[in-house]
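> Structure incoming, see below.
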Ligand SMILES: [Zn+2]
């Protein structure tokens with residue numbers, strides 16, 4: 001863990017020495033590392049590669065290592081098993097059982113929250129409104145995972161990929177059936193976060209349950225469709241960001 005500068009920890013809000021925290025945890029970059037162990041990401045601006053994923057001075061040691069780090073340690077093997085498709089499949093769904101609700105839900109919330117508070121270019125299209133950021137900060141700090149439909153996350157898995165599993169895309173705000181959502185694509189996994197109690201009815205079954213069942217949807221899109229759509233999306237957002245200043 002790199003140390004360096006004094007500042008206000010974004011999680012506990014105490015004035016402390018801050019460490020360089022990952023926005024997307026390092027274990028999620030594993031499938032994206034190329035042969036020289038550099039993470040491949042989009043957008044990556046010219047030929048700039050990130051050596052260890054994007055990091056930023058955001059959190060104190062306690063928050064980074066204990067509050068966030070503890071969840072990452074727990075979730076890392078689960079997320080990896082999904083990336084590797086070592087999970088149960090039943091028709092158009094996948095499932096993982098015996099998942100600790102609090103650990104996994106808090107991990108999901110930490111992903112959303114970190115991307116939102118980050119000022120890195122990669123997360124420029126991922127900002128929650130301030131009051132949502134604050135609610136999630138308090139949930140993380142008090143280690144309260146909330147109810148399943150509080151910032152619930154629906155996960156899709158692309159089963160047939162040749163390139164996409166090596167890439168982490170810049171997360172974006174999107175809408176589904178008129179509901180705001182925040183979309184991450186890490187390797188073959190899509191994470192769609194919805195605001196509290198505001199989501200299409202049929203997604204509710206796919207929020208992790210307090211009993212510890214995580215159901216995932218087999219993505220109905222082909223890799224080619226996703227690549228085209230996201231590539232267009234990235235170019236569009238990048239251009240509008242440039243035009244806007
Ligand atoms: Zn802190």
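Throughout, read-outs are computed from the coordinates displayed, never taken from laboratory work. These figures come from a predicted structure and were not determined experimentally. Quick reminder, even Gly has a Cβ in these numbers, built from the backbone with ideal geometry, and neighbours come from all protein chains shown.
> For residue 90 and residue 229 in the same chain, what is the full-extension length gain: residue separation times 0.36 nm, less their Cα-Cα distance, in nm?
Numbers: separation 139, 0.36 × 139 = 50.04 nm, distance 2.75 nm.
Gain on extension, residue 90 to residue 229, equals 47.3 nm.
> Find how much the distance from residue 100 to residue 211 grows on full extension, using 0.36 nm per residue of separation minus their present alpha carbon separation; answer in nm with one decimal. Don't skip to the answer; put the middle values down first.
Details: separation 111, 0.36 × 111 = 39.96 nm, distance 0.79 nm.
Length gained between residue 100 and residue 211: 39.2 nm.
> On full extension of the chain, what length is gained from residue 131 through residue 76, given 0.36 nm per residue of separation minus the C-alpha to C-alpha distance? Could you put the intermediate results ahead of the total?
Values: separation 55, 0.36 × 55 = 19.80 nm, distance 2.89 nm.
Gain on extension, residue 131 to residue 76, equals 16.9 nm.
> Sticking with this structure for a sec: What's the FRET efficiency of residue 196 with residue 8 using the Cβ-Cβ distance as r and R₀ = 25 Å, to the nearest 0.05?
The value I calculate is 0.45.
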